[in-house]
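Read the figures in this text as sums done on the coordinates, not as results from a lab. Quick caveat: nothing in here was measured; it's all calculated off a predicted structure. Glycine gets a Cβ as well: all are built from the backbone with ideal geometry, and neighbour counts include every protein chain shown.
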Protein chains: 4
Amino acid sequence: MSPPASAAKLRVGIAGLGRLGRRHAEALAFSTRHVELVAACSPVAAELELAAAEFGIAPEHLHADFAAFVDDPAIDAVVLVTPTSLHADQSIAALRAGKHVFVEKPLALNVEDCERVLAVAAEHPQQVAMVGFVRRFDPSYRRAAEDIEAGRIGRPFLVRSQTCDRNDPQGFFVRFAPTSGGIFMDCSVHDIDLARWMLGRPKALRAFASGTIALHPGLADCGDVDNGLAIVEFEGGARAVFYASRTLPHGHETTTEVIGTEGTLQVGFGAARDRIERRSAAGVHHEVLPDFFERFREAFALEMVDFVAACRGERALTLTLSDALEATRIGLAITRSLRSGLPEAV
Amino acid sequence: MSPPASAAKLRVGIAGLGRLGRRHAEALAFSTRHVELVAACSPVAAELELAAAEFGIAPEHLHADFAAFVDDPAIDAVVLVTPTSLHADQSIAALRAGKHVFVEKPLALNVEDCERVLAVAAEHPQQVAMVGFVRRFDPSYRRAAEDIEAGRIGRPFLVRSQTCDRNDPQGFFVRFAPTSGGIFMDCSVHDIDLARWMLGRPKALRAFASGTIALHPGLADCGDVDNGLAIVEFEGGARAVFYASRTLPHGHETTTEVIGTEGTLQVGFGAARDRIERRSAAGVHHEVLPDFFERFREAFALEMVDFVAACRGERALTLTLSDALEATRIGLAITRSLRSGLPEAV
Amino acid sequence: MSPPASAAKLRVGIAGLGRLGRRHAEALAFSTRHVELVAACSPVAAELELAAAEFGIAPEHLHADFAAFVDDPAIDAVVLVTPTSLHADQSIAALRAGKHVFVEKPLALNVEDCERVLAVAAEHPQQVAMVGFVRRFDPSYRRAAEDIEAGRIGRPFLVRSQTCDRNDPQGFFVRFAPTSGGIFMDCSVHDIDLARWMLGRPKALRAFASGTIALHPGLADCGDVDNGLAIVEFEGGARAVFYASRTLPHGHETTTEVIGTEGTLQVGFGAARDRIERRSAAGVHHEVLPDFFERFREAFALEMVDFVAACRGERALTLTLSDALEATRIGLAITRSLRSGLPEAV
Amino acid sequence: MSPPASAAKLRVGIAGLGRLGRRHAEALAFSTRHVELVAACSPVAAELELAAAEFGIAPEHLHADFAAFVDDPAIDAVVLVTPTSLHADQSIAALRAGKHVFVEKPLALNVEDCERVLAVAAEHPQQVAMVGFVRRFDPSYRRAAEDIEAGRIGRPFLVRSQTCDRNDPQGFFVRFAPTSGGIFMDCSVHDIDLARWMLGRPKALRAFASGTIALHPGLADCGDVDNGLAIVEFEGGARAVFYASRTLPHGHETTTEVIGTEGTLQVGFGAARDRIERRSAAGVHHEVLPDFFERFREAFALEMVDFVAACRGERALTLTLSDALEATRIGLAITRSLRSGLPEAV
């Protein structure tokens, strides 16, 4: 079983306490074994106050300055839930400071930044460096991957995968469009990683994309769309098709279908929020998951469990930085194709 | 395959052209092979006019009088869709006139009438006599029965079955309550027949029933309910539980679950009207079948196909009059129990 | 209601009595009102024998020669279930002979042939000319179209649609690959027509396709694939993505999703063969539709009902020859893209 | 939000570290806020060793003797996961020792024992006393109850509920049959509590039960069955029907349907283990939950959260000891009916 509770706990510091950061902090503080949340970093005073009040972090470990945070000798590992543009440099600084690193996805919006992180990580082989592709920790996706590995669908050759969010009538995300990297880098990067995982990590060759703006004309300014389709061609014949949307009327629907020569697997279809089915004069209906957070609640928790276990040397990660690099590379080719209207080499 | 179209067609007359009668007439006139609808009988002038206009029945074969109808030499077989109280006597008259007989369920509201029909049918072994337990002809129920016969669920020992209608706010059925035999004789008689079929026709020993009036207080006058539950005990240990309702808010839901030692079968759950799933801000929803007619549209057609085939000697019926007698016997014990509050011997 | 049965029946002749032809013949002979199947045409003697034996067609109306068939004065309309390469010329001959025409899809494998048929049809405006896009007659697709027309999903802007067949281990279809026009012309032409219908017939601008051979290497010789993906861009921003497969392990699955600004519709997901759900040590399972024929059994019947009704002048068709022309045009652009690897203008 | 982490933690001791006890201990030790697991009690040495090794409980708080445990001044609250026959006396002892009490269901196998606990609890109104009806804490059941309270199904008048376990070929449970109180006291007590909750706590009047032994003849010795059906009649017309089984072939299936005058709710149907749907030559299938533990994993955690919150005075419990008394009373009437074959007064 697991090691005795008396073993030294992993001491973690978190940078960024926005919505997702707070979720990771809660997992670390209250529901993950063998770990202590001991430090926090944020340029926002309110976030540090929350870190003290909610998670009991001592004043000397509340950092407004990232450099001080990363050098805090009280921590063994950092969890970075900061803006994407900071991911690469912060990961590198943390690795150089001798800390294990968990960084939210995407690792970076360009290949060079990813490669810089990989290079530094290679210099620190004893430290864990992990990117938050949360779907890898969802029990359903895990079992699907196990089924495929066990040969239960024969040879997988096609993946259809989507990340679709409920429409936000306020169009909050439009403000982030200029820095998000576009819909494919922001949403489809998960599907890209999944497709590679399910297909056995084949080499991607080409990508073609097309999209449309259904409800948020403001996206046009930065060349983005609110609904996008992409086809990726892999060496050896495998294919993937992705759909990303910001405008689903009913909720969040993240689904993936893996098609093999002897079977297919569908993960996430139906998007049921719970185990209730309602019947009324309007027919039979069920509620849908409102968002990514609720869909992947369990996966967010298990992700921290695995990060902690890897840092403590209990088990190795199967998700590597080079998976993150490849997902970025493919996402960028798709994004270029959306703009050029032509297939783009990966 | 089927016999050549040149073979003599079966000539059928129909008695009763209400909603269900018309449906049978349409099946016979337009979509069943090897049959001609040549005569009709009804005390209602408008129904005979419809028989002429819609189905092209010649004036000399439109009968207001049942005795004349049953003796019409132009017909080989009769389909009786008349009030339940007439079923037994009309079936007997038709058998004695040398006709094959299809009679709507239930065969009768008392055991004596059923037995009289069985006795006369026994005197006319060359003639088909069949009761309209339409679910027996539904492809899903048929396949379920085949699965059970093939041993795919091991030994079946428990049936849960329901016949539930959409609430009619006008409470039309309340007017028929005094003559319908009550909710169990009217609705559950199908479930009773199914349970016997799926369990291999065990002997019923006892029945217990309980019910409530949810929406139609007018039923109290004749001791009826709009929602009823019943448990039936069979020799050898098998059990069945039935639910009948007149008040479902969403549509018609006829479902049956057969539980065996190695598997279970569920027929009809979900009650989807079609193959459309809708997603909107309200969630995921699908429409439901509005009524028995739409649920069993295909079965009504196949029922006539089997009746015609049996009359033409092409294949034997598996559904017998003694199945109808047993269903009546059990339905009556349930109905007695609803009134006595005690288990009643079947 | 419907007109009296005494009205003159439409007299139909059928050309081609293969699997699908026989199905149409059965519908016409046994389950469609106001019609008589009076003639048949086939170069195969066995098919004409079957026409006589099964459908009672008189010897003088059994034609080995198409020219004689099309001039048979006993027929008002023809149903053409012949090889695709003959569709255009036969349709033209029948129109010129004064007959109504139902022709199986696709109308032709090139735009010129389609246009020739349209031109001749325009010269015979009193005659019905209809292409067998059978999904248009499926009740679920019809209701979906009505929902969209009624504005229930807001503005539809994206269609995802697939036609996927169960794998045939013998690869029977590989033999037809050289003349079928390829997977997109053979399978996706239905999805293309549906997408145009559901999106309100926007003008198609460009198409991109990619594919792979999963199980049938013999297809490589004629540049075909057994799994294909395509994206189509329409004027005004609407998009469609198609998936066609010859290799599904579990059965036939034809599904379509229409995404609008206020709702989405999914047609055909789950592919349940019947209303049975089975539970055993292996979990919960249901059977799947084996093929297109069983999926669209009702639609094939309703298609003939509508053709007959249109010929009798009872109601107009909403499906036009120019819909068939556009579907061909888009299918050809997709097919060119599969070969060039580049987006192709429609 | 929640109170600051600096507030004093609730100190809990657990008695019984079998399968379910260990689950509660894990929740208390690792994933519930504001609580510390500080003591354990068991007559089994191995369980105390586990308490030390796994949960870090100090030697001086490991008790073989219940009297010493309940008097341990280091604890504020006890969680009792001991044999049913001890529940009442241990609860009383803990209450008298000034501790809050969580006791597993059922509270007792006779009404007198329940009433003794209620009387002692009434003397200690400042202490929490709670019975582990875990389904009350399942998010789906909670939402269903909220829907009903908000009037969304009109007036609820019928509950159909089942607790069905996967068959254990070893028949482990047969050994416990003599002390479990029978299938209805062991399994249906949950359904009984739910039915009362969903129907608004009406007074139960009568119960009728019937059962059968499908696979485990050893149960006959103690008058028990492995499949049982029961109908309960409530004052005011509401009805409930329960099904309990030890022999489902496919997994654990706990489902509840609440039928109201304007809608119905179904909780738990389908029993899907995860969000994966598999397609293969065998059709479409999904895995099923293996057992009660996996079905109610989240509810077991939330149950401890609510117990801790109640002990800390943060919120009141809606589940009372008198709910447990009523569930026992109804369960006993059902059990008497199973033996007498007659309806029994509650």
Sorted largest first, extent of the range A:10-132 alpha carbons per principal axis (Å): 39, 26, 25
Only Lys, Arg (+1) and Asp, Glu (-1) charged, at Cβ; the range C:117-171 dipole about Cα centre in debye: 260
In degrees, nearest ten, helix D:297-311 long axis to first principal axis of chain D (Cα): 50
Cα gyration tensor shape for the range D:237-346, rounded if a/c is under 1.5, else prolate or oblate: oblate
At 7 Å out from Cα toward Cβ: B:A122 inter-copy label distances (nm, ascending): 6.7, 7.8, 9.4
From phi via Karplus (6.51, -1.76, 1.60), per-residue ³J(HN,Hα) for the range A:215-224 in Hz, x at Gly/Pro: 9, 10, x, x, 5, 4, 4, 9, x, 9
Label spacing, shortest first and in nm, from A:A45 to its equivalents in the remaining copies (7 angstrom along Cα→Cβ): 6.2, 9.4, 10.1
Nearest 10 degrees, 0 to 90: helix C:189-199 Cα axis against chain C principal axis: 80
Cut-off under 5 Å, modelled amide H: who pairs with A:V35 long-range: A:L10
Cα gyration tensor shape of chain D, rounded if a/c is under 1.5, else prolate or oblate by comparing a/b with b/c: rounded
Residue-count net charge about C:C164 - beta-carbon cut-off 13 Å; Lys, Arg +1, Asp, Glu -1: -2
Tensor-based shape of the range C:160-257 (alpha-carbon gyration tensor, a/c under 1.5 rounded, otherwise prolate or oblate): prolate
Theoretical FRET efficiency, 1/(1+(r/R0)^6), r = Cβ-Cβ of C:E123 and C:R33, R0 22 Å, to 0.05: 0.10
Karplus-derived HN-Hα couplings along the range C:34-50 (A = 6.51, B = -1.76, C = 1.60, θ = phi - 60°), whole Hz, x at Gly and Pro: 6, 9, 10, 8, 10, 8, 9, 9, 6, x, 9, 4, 4, 5, 6, 4, 4
Chain D, closest residue to the rotation axis toward A, by beta-carbon, whole angstrom: D:S31, 2
Label distances, nm, C:R19 versus same residue in remaining copies, Cβ-directed 7 Å point: 4.0, 5.0, 5.0
Environment charge at D:F66 (Cβ cut-off 11 Å; Lys +1, Arg +1, Asp -1, Glu -1): -4
DSSP-defined antiparallel bridges as percent of all bridges, the protein assembly as shown, nearest 5: 60
Karplus 3J(HN,Hα) series, Hz, for the range C:132-137 with 6.51 cos²θ - 1.76 cosθ + 1.60 (x for Gly, Pro): x, 7, 5, 5, 4, 9
Partners for A:K203 among lysines (Cα-Cα distance below 23 Å; same-chain residues under 8 apart left out): A:K105
Distance in nm between pseudo-label sites at A:R96 and B:S340 (7 Å out along the Cβ direction from Cα): 9.2
If the convex hull is drawn through the Cα atoms of the range C:200-265, its volume per residue in Å³: 116
Helix D:321-340 vs. chain D, principal-axis angle (Cα, 0 to 90°, nearest 10): 40
Student exercise, the protein assembly as shown dipole from Lys, Arg, Asp, Glu Cβ charges, in Debye to nearest 20: 0
Percent of beta bridges antiparallel (DSSP, chain C, rounded to nearest 5): 55
Ellipticity estimate at 222 nm from DSSP helix runs (n ≥ 4, -39,500 (n - 2.57)) divided over chain D, nearest 500: -10500 deg cm²/dmol
Net charge dipole size for chain A [Lys, Arg +1 and Asp, Glu -1 on Cβ; Debye, nearest 20]: 780
Charge-dipole axis of the range B:220-261 as Lys and Arg at +1 and Asp and Glu at -1 on Cβ define it, positive-most pick from B:T261, B:F234, B:A244: B:T261
Relative frequency of Cα-Cα separations exceeding 60 Å in the protein assembly as shown, percent: 23
For q = 0.20, 0.32 Å⁻¹, Debye-computed log10 I/I(0) when each Cα of the range B:241-292 counts as one equal scatterer: -0.83, -1.24
